[in-house]
1. Considering the dipole of the chain built from charges on the beta carbon (Lys and Arg +1, Asp and Glu -1) around the Cα centre, which of Asn390, Ala336, Leu308 is farthest to its positive end?
2. Tally Lys/Arg at +1 and Asp/Glu at -1 over every other residue whose Cβ is under 14 Å from the Cβ of Asp222; what's the total?
3. Convert each backbone phi in the range 148-163 into a coupling constant with the Karplus relation 6.51 cos²θ - 1.76 cosθ + 1.60 (shift: θ = phi - 60°), then list the ³J(HN,Hα) values in order as whole Hz, x for Gly and Pro.
4. With unit charges on the beta carbon (Lys/Arg positive, Asp/Glu negative), name the residue among His122, Leu370, Leu149 whose Cα is farthest towards the positive pole of the charge dipole of the chain.
5. Please give the charge dipole size of the range 95-188, origin at the Cα centre, charges +1 on K and R Cβ atoms and -1 on D and E Cβ atoms. Round to the nearest 20 debye.
6. Given the options Trp19, Ile295, Ala272, identify the residue whose Cα lies farthest towards the positive end of the charge dipole of the chain (+1 on Cβ of Lys, Arg; -1 on Cβ of Asp, Glu).
7. Any idea of Trp502's accessible area? Nearest 10 Å², probe 1.4 Å.
8. For Asn5 and Asn17 in one chain, what is 0.36 nm times their gap in residues minus the Cα-Cα distance, to one decimal in nm?
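The values are calculated or read from the model by the stated rules, or taken from the named source; none is laboratory data. The model shown is predicted, which means the values in this text are computed figures rather than measured ones. Reconstructed Cβ throughout: ideal geometry from the backbone, glycine too, with neighbour counts over all protein chains shown. Areas reflect the complete protein model, heavy atoms only, side chains present, ligands, DNA and RNA absent. Shrake-Rupley method; radii C 1.70, N 1.55, O 1.52, S 1.80 Å.
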Amino acid sequence: MDVKNIYEDAVHALNRNDWLNAQRLAMSILRQHPEHAGIPFVAGVASMQLGQMPLAAELLKRAHLLNPSRADYAAQYARALASGRFTRESCEIADKAMALAPTDPMTLDTLGVVYTQANEHHKAIAAFRQAVDCMPDEAGFRFNLATSLTFSGDLQQAEQQYLACLQRAPDYWKAYLALSQLRRQQPDDNHVQAWQARLAEYGHDREARLYLQLALAKEYEDLRQYPQAFDALTAGKSAMHEVRGSSSQRDQRIFDAIRSAWLSLPTASTPASDSAEPIFILGMPRSGTTLVERIISSHPDVHSAGELQNFSVLLKRASGSRSAEMLDVDTLQRLAGIDWKALGDGYVQSTRPGTGRHPRFIDKLPHNFLYAGFIARALPNAKIICLQRNPMDTCLGNFKQLFALSSRYYDYSFDLMDAGRYYLMYRDLMAFWQQQLPGRILQIQYEDIVEAQERKSRELLEFCGLPWDDACLEFHRNDAPVATASAIQVRSPIYRDALQRWKKYESQLQPLRTLLESAGVAI
């Protein structure tokens, strides 16, 4: 068979999602035709689908350099870079692709995803809109556009796009939950009957059960039907817990390994980054981190970079670990020889181009609490703020939230008691960091911010070395995008409704309360 036929077979295999065969065929002729841009492109896309990200990036870079006029080649290269958390580089390539004025909707959608991962939601919306205009009946494009509109605060347009998505694909289950979360449901304006009907028809499907039950839980809670809300929540989460299983033993191994890795590091001072730009806001998810991020980022000297995975990715890379998980025992056992200055400087550079236009920037990834000591070692001038919240509200909030299914960080959230055990691990680790890093971490209580907004806002700015600015009291007027579970709530002023929310489910949460109190946690 000649090269042309092999290449055509590789393209056909790629088009029918036969990734392994597409990769095999393209790689078999790569060396024979080093100037043919299509061959490394096919091999690169197939490699990306197979999870072979370094190889995919290398091949797609080659395709892009061989034919820089192809927007689809540039888009897939940008996607590979984004997957590797090379944020600055992925945006640069995505900008080049957009400058080529692509008209292919798949390319435009890919570019929208790249911009979303970089927290560049205004660019993402532009790309997604063009994709929808090119192919208006593609439900996935509508969903992606709606999600970026939500992050940007355009909730009315987002609702229209979610509805349009479901009109075209009634089994696009994620859209049901997104719609329910978009606003507070009312007795005379809700989706309960419609969602119940869908559940009755598709309850045998695990994915449908997950999203529809969680959507119903949200709507029942809005309607103050708390027993029904908790039953729906439990049924929805159990759909994934059946698959994932309990995470507590695996989580405990990681927490133990973090402490061991820190205590094994050389105690002598080592060179570190001198950057004072980063402000890390961390803590358990659903503890108020987004509220604090909005308060501080309302200051004119501060840019919010969103929830960045950059530090964890660079630490993993610097460790030399080849294991699949981002944070595991193997990675933690390899930290002794890390160049902490290179890690800190590399982290700051990896946040460009989003950062650098303001003196300071915020990284608001809650799970950075796992890395707090290593962040302090690499970036001694960075500020670290840890949010605390009522433990029952925290655990309930984590159980209610559907986090990224692609991440094992959140497996604890599929079971209420696992969430409680995870909270205890978190509490112990933060106590360890406070002991090891005296004065480095400002611990602040969510409830205190709600009760004394100005005083606590001043305390936050003082800790960050920022002068007072009245805009920080008007954080809800901040029009910057919010790509978190709190994207809708933080566009309103501080309200007290979220305090002691767990009491609405007091009887259902009794086993959790017993677990926490037996460990010495004050409720």
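1. Ala336
2. On the way: positive: Arg183, Arg184, Lys218, Arg224, Lys400, Arg501, Lys504; negative: Asp188, Asp189, Glu219, Glu221, Asp497.
Combined, the nearby Lys, Arg, Asp and Glu give +2.
3. 5, 5, 4, 4, 8, x, 8, 6, 5, 5, 4, 4, 4, 6, 5, 5
4. Final value for the positive-end residue is Leu370.
5. Values: 8 positive and 11 negative charges, 41 e Å.
Value, rounded to 20: 200 debye.
6. Of the listed residues, the answer is Ala272.
7. Accessible area, nearest 10 Å²: 10 Å².
8. On the way: separation 12, 0.36 × 12 = 4.32 nm, distance 1.83 nm.
Taking Asn5 through Asn17 to full extension adds about 2.5 nm, to one decimal.
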